[in-house]
1. Which loop trypsin sites (Lys or Arg not before Pro) in the stretch 60-114, with loop taken from DSSP, have no more than 12 other Cβ atoms within 10 angstrom of their Cβ?
2. Specify, per residue and in Å³, the volume enclosed by the convex hull of the alpha carbon atoms belonging to the stretch 55-137.
3. Using the Karplus curve 6.51 cos²θ - 1.76 cosθ + 1.60 with θ = phi - 60°, work out ³J(HN,Hα) for each residue of the stretch 83-96 in order, rounded to whole Hz, and write x for Gly and Pro.
4. Can you compute the FRET efficiency between K50 and T70 using 1/(1 + (r/R0)^6), with r the Cβ-Cβ distance and R0 = 35 Å? Round to the nearest 0.05.
5. Could you give the length gained on full extension between T60 and D131, defined as 0.36 nm per residue of separation minus the Cα-Cα distance, in nm?
6. With contacts defined as alpha carbon pairs under 8 Å and 6 or more residues apart, what's the relative contact order of the stretch 80-126 in percent?
7. Can you run phi through the Karplus equation (6.51, -1.76, 1.60; θ = phi - 60°) for the stretch 66-81 and list ³J(HN,Hα) in whole Hz, with x for Gly and Pro?
8. State which entries of K82/K127; K39/K127; K74/K127; K39/K82 exceed 21 angstrom in Cα-Cα distance in the structure shown.
Amino acid sequence: MSNEMGTAIGWDEERIENPNEGSEFITLPDGKYNFTVAKFERGRFEGSAKMCACPKAILTLEIDGAELGTVSHKHNLYLNKKCEGLLCQFFVSVGLRKHGDPLVLAWNQLVGQSGLCEMGQRTHNDKTYNDVKKFLDPPEPTEAPEKIPF
């Protein structure tokens, strides 16, 4: 269940855009996908039976679905000690942390960063949604062959 409560619209708003207009929801098949962080927002998780209230990062990921097209997906990262491993893995995936290094929460560097994730689906109220199952390490760079002088 989503804890997103929305944002109030003021009486003086003159123009409102429909964020869903012109786009069709695409359910990606299970698999590994490249993504780019398109947007970062600060939010608040109000707590649940399994985790106390804490700040959360609301990320908009643009996921490369190949022939299906680019899929926009919202993903929350919770700033809670219970989720330290997930935070570390996300920052490794986008290249802002190396395994074994302390985590520096470089939020201002996220937009535009790319990484690799494993996608699956989740079902809620008889609807199927895309779901990031885990963030993956970036592929190892391949070494260029040694140049032979002539």
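1. Qualifying residues, ordered by number: K98.
2. Hull volume normalised by residue count: 109 Å³.
3. For the stretch 83-96, the Karplus-derived couplings read 10, 4, x, 5, 4, 4, 5, 4, 5, 5, 4, 8, x, 9 Hz, x marking Gly and Pro.
4. 0.60
5. Contour length minus Cα-Cα distance gives 24.3 nm.
6. So the answer I get is 33 percent.
7. 6, 5, 7, x, 8, 10, 8, 9, 8, 9, 9, 10, 8, 8, 9, 3
8. K82/K127; K39/K127; K39/K82
Values in this text are rule-based calculations from the coordinates and carry no lab data. Source: prediction; values computed, not measured. When we count neighbours, we look across all protein chains shown, and the Cβ atoms used for this are built from the backbone with ideal geometry, even at glycine.
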